[in-house]
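Heads up: the structure comes next, in structure tokens.
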Amino acid sequence: MLDLLPDLFDHYPDDLTLIQLDWRDFGAKAIFHGEVVTVSCFEDNSKVKQLLATPGAGKVLVVDGQGSMNRALLGDMIAQSAMDSGWEGVVIKGCIRDAGTINSFNVAVKALGTNPIKTAKRDLGEVNCSINIAGVEIRPGMHIYGDLNGVACSNKPLDLSVIS
């Protein structure tokens, strides 16, 4: 399967909400889906690092970095940790760094862009909170779906067996 979202929107038009941002794709894994885990943080990736070091099978971390383009909330070491911990993907309303290296990892990453500058580590941020990205409220436990066409979320898991 090369595309997920077009078929999902064909089968579940009333169950999905598109998160309309100009996402950039990183990582070698183009298609992802899973249960939402959220982080809200501003130019401090301490909570991102902590969460992506925990088991993440079936989960996608959604990070509200408040759209800051000043610092990177994900780099190669944290992305490696996410991949090693089994996370399905990471969606960041903010920047990443080490894009070339991350592109070689079997992990899906969506972000607004890149910035080579790391964040301060002050252990600031909120985990498993409701966040709002592009006018869409995203809560822990929702389900998120992504591919090269974009990112969408649903209040419930969708049956992917209907996709050919």
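Derivation of every value follows stated rules applied to the coordinates shown; laboratory data play no part. Since the model is a prediction, treat every value here as computed from it, not as a measurement. Positions of Cβ are generated from backbone atoms using ideal geometry, with glycine treated the same way; all protein chains shown enter the neighbour counts.
So the values come out like this:
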{"item": "The chain: calculated mean residue ellipticity at 222 nm from DSSP helix runs of at least 4, using -39500 (n - 2.57)", "result": "-4000 deg cm²/dmol"}
{"item": "Total charge dipole magnitude, region 5-151, about the Cα centre, Cβ charges on Lys, Arg, Asp, Glu only, Debye to nearest 20", "result": "640"}
{"item": "Charge dipole of region 5-151 about the Cα centre (unit charges at C-beta), most positive-ward option of Ala82, Ile138, Ala72", "result": "Ala72"}
{"item": "Positive-end residue, the chain charge dipole about Cα centroid, Cβ charges, pick of Leu51, Leu160, Ala111", "result": "Leu51"}
{"item": "Leading residue at positive end of dipole, region 5-151 (Cβ point charges), from Leu61, Ala99, Ala30", "result": "Ala99"}
{"item": "Rounded to the nearest 20 debye, dipole of region 38-91 from Cβ charges on Lys, Arg, Asp, Glu", "result": "80"}
